[in-house]
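Beneath this line is the structure, given in structure tokens, with notes to follow.
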Amino acid sequence: MLEEFLKALVGWASERSDIFAVGLAGSHARSAARPDSDVDVVIVATDPGAFFSNAGWMERFGVVSAFQDEDWGRLRSRRVHYATGIEVEFGFTAADWARIDPVDPGTRKVVAGGFRCLYDAEGILRRLVATVHACRVKSVKNS
């Protein structure tokens, strides 16, 4: 079920000119998910707020039973519960979330906690992951 959802997500994102990248974060990205784990995705878009004013896009991935919005600062999310039982936290952010140097602590925590690039047409997320990994290696060497 997860792989089908991720395939649909990547297909949807790649069809849209307003989405630059999609990443999988958290327990599913680090292969440590439990049966009740939610799916955490980060979507880098030109206008993240547009996804909160129109809810129709959520139905592309299944029948929505409930949803709620959450604000994490530079990243806002919409937590969607689907009738199939899958729970997805769609985190939306602008491209500068992944381009800030140095990487802010919240972004660093998300990426260091497990992150997998699913769709990355411009290499934004790959560069972010490499930056976070390089900083972690430096920290270990300096310890």
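Read-outs: derived from the displayed coordinates by stated rules, not from any lab. Computed from a predicted model, the values in this text were never measured in an experiment. Quick reminder, even Gly has a Cβ in these numbers, built from the backbone with ideal geometry, and neighbours come from all protein chains shown.
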Per 0.36 nm of contour for each residue apart, how much would the distance between Lys7 and Val63 grow if the chain were fully extended, relative to their Cα-Cα spacing? 18.5 nm
Which is farthest toward the positive dipole end of the chain among Pro102, His28, Val64, measuring Cα position about the Cα centre, with Cβ charges +1 (Lys, Arg) and -1 (Asp, Glu)? Pro102
FRET efficiency for Arg127 and Ala55, Cβ-Cβ distance as r, R0 = 35 Å, nearest 0.05? 0.65
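Based on the Kirkwood radius over alpha-carbon pairs, what is the Stokes-Einstein translational diffusion coefficient of the chain at 37 °C with 0.692 mPa s viscosity, in µm²/s? It would help to have the intermediate numbers written out before the result.
On the way: Rh = 15.6 Å.
The calculation lands on 211 µm²/s.
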Assuming R0 = 25 Å, what is the FRET efficiency of Thr46 and Ile86, from their Cβ-Cβ distance, to the nearest 0.05? 0.40
Once Asp96 and Ser14 are pulled to full extension, the length gained, defined as 0.36 nm per residue separation minus their Cα-Cα distance, is 27.6 nm
Region 1-26 to region 57-105: how many Å between their Cα centroids? 12
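Based solely on its DSSP helices, what 222 nm [θ] is calculated for the chain when runs of n ≥ 4 H residues each add -39,500 (n - 2.57) and the sum is averaged over all residues, nearest 500 deg cm²/dmol?
On the way: 5 runs with 49 residues, N = 143.
Calculated at 222 nm, the ellipticity per residue is -10000 deg cm²/dmol.
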